[in-house]
Amino acid sequence: VLHSRVPGKLEKMATQTEALYTLPAQIDGLIARADGMIVAATSRVFGNDWDGGVTAYMPDKQQKSCHLPSGVTGAAFVGATSEAVALSCDDGNVVVLSLSSMGEEGWRPLQMFADHENIVSSVSCSALDKDVIASCSVDQTVKVWSMKGDDGACLTTLRGHCAPVWDVAYSPVERNMVASVGQDGRLLIWDDRTTTPAASLDQGAPLFSLCWNEEKVMVGSENGEIFIFDPRALTAPLETLTGHTDAVRSMAVARSADDKAMLVSGGDDCAVMVRAMADLAAAPTVVERHSDYVRALCAVPGGGAVYSGSWDKTIAKVQI
């Protein structure tokens, strides 16, 4: 199935955590800043209307929102001080907003990158160069952009997928290394300075999400499995993890309260699961159940918890 926006599972499931925030729209992306700010990317479908926006929750619990004429599928902090966010949008644009201007009358984006030809499904910023952005799209491409200057030019278009590309993420340790996954079941590893993949692997079923843990990349699949790869030797998975009963749509690596690295995953089974990176063979623990698809996860700065966002329109803070 494609990355659909049809209503999700409607059966009620017990949650372990009271909702931290409730929004008026489905949550497709979450990011958190070191000072405690949370930014949620949202979409709303009502009849023939389809729009979205971004909401920022400040450390003092105040909130600022910005409405957009399209759904917003993801977000990434950009710039040296993370005072701006890049948003991947359903209208094919990547929009860069100043967080300080959100909610103000007459606001305008800092930049708009408009070279994609279909829905932009994800956006990522290099941790080693916060002025560089990668985006992926239903148009089957990955594009690399520079925040420097104001012309909105695309630096590189990466072509290698033969179906919609659902997720993209920069390596946290290699400045030019980018990973992407898509409906074609392929994991591609790129050097963002070239236009052909440095490595590729076909898993044979759609891949929807990915995240990095230092030099390893984790990939979430349509059938609920998570594959762990070494991108420098992209052959068979190093590990294949089970637990989810439906597609894995979001993942994050976070620190637990006792400072252990934990892999957190969320999926269309409405579950948030956690397992220790040092003991991946152990069965995962379900730490949260939303009442609809889980499409967003991010680590809480300082460790000990993650934020989960769902199409049930809630953000939960889950202890790990």
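The values are calculated or read from the model by the stated rules, or taken from the named source; none is laboratory data. What you see is a predicted model; the values in this text were computed from it and never measured. FYI the Cβ positions are ideal-geometry reconstructions off the backbone, even for glycines, and counts take in every protein chain you see. What goes into the accessible areas is simple: the full protein's heavy atoms, side chains included, and nothing from ligands, DNA or RNA. Shrake-Rupley method; radii C 1.70, N 1.55, O 1.52, S 1.80 Å.
Rolling a 1.4 Å probe over the protein heavy atoms of the stretch 168-307, with every protein chain left in place, gives an accessible area that is 46 percent carbon and sulfur.
Across the stretch 155-161, computed HN-Hα scalar couplings (Karplus, 6.51 cos²θ - 1.76 cosθ + 1.60, θ = phi - 60°) run 6, 8, 10, 9, 10, x, 7 Hz from first to last residue, x flagging Gly and Pro.
Between residue 209 and 220, the built amide H atoms are under 5 Å apart, and every one of these is 5 or more places off in sequence or on another chain. Backbone geometry of the stretch 117-129 corresponds, through the Karplus equation with coefficients 6.51, -1.76 and 1.60 at θ = phi - 60°, to 3J(HN,Hα) couplings of 10, 7, 3, 8, 9, 6, 9, 9, 10, 5, 5, 9, 7 Hz, x marking Gly and Pro.
Packing around the peptides 206-217, 228-239, taken as the average count of other Cβ atoms within 10 Å per residue, puts them in this order, highest first: 206-217, 228-239.
What full-extension length gain, to one decimal in nm, is calculated for residue 259 and residue 153 as 0.36 nm per residue of separation minus the Cα-Cα distance?
Computed gain between residue 259 and residue 153 is 34.0 nm.
Expressed in units of 2.2 N^0.38 Å, where N is the residue count, the Cα radius of gyration of the stretch 44-101 is 1.19. Can you give me the Rg/Rh ratio for the stretch 203-253, using Cα atoms for both radii and the Kirkwood formula for Rh? We get a ratio of 0.94 for the stretch 203-253. Model label points for residue 162 and residue 174, set 7 angstrom from Cα along the Cα-to-Cβ axis, are 2.5 nm apart. Entry note, the stretch 157-276: relative contact order of 16 percent, from Cα contacts under 8 Å with a spacing of 6+ residues.
Just so you know, the averaged projected area of the alpha carbon convex hull for the stretch 143-267 sits at 8.7 nm². Note on residue 61 and residue 199: the model spin-label points, each 7 Å out from Cα along the C-beta direction, lie 4.7 nm apart. Taking the inverse of the mean reciprocal distance over all distinct Cα pairs, the Kirkwood hydrodynamic radius of the stretch 38-163 comes to 14.8 Å.
Calculated FRET efficiency, residue 104 to residue 240, Cβ-Cβ distance, R0 = 56 Å: about 0.70 to the nearest 0.05. Computed across the chain, the Kirkwood radius stands at 19.2 Å (inverse of mean 1/r, all Cα pairs).
Summing Cβ point charges (Lys, Arg +1; Asp, Glu -1) relative to the Cα centre of the chain gives a dipole of roughly 320 debye. Approximating the spin labels as points 7 Å out from Cα along Cα→Cβ, the residue 83-to-residue 233 distance works out to 4.6 nm.
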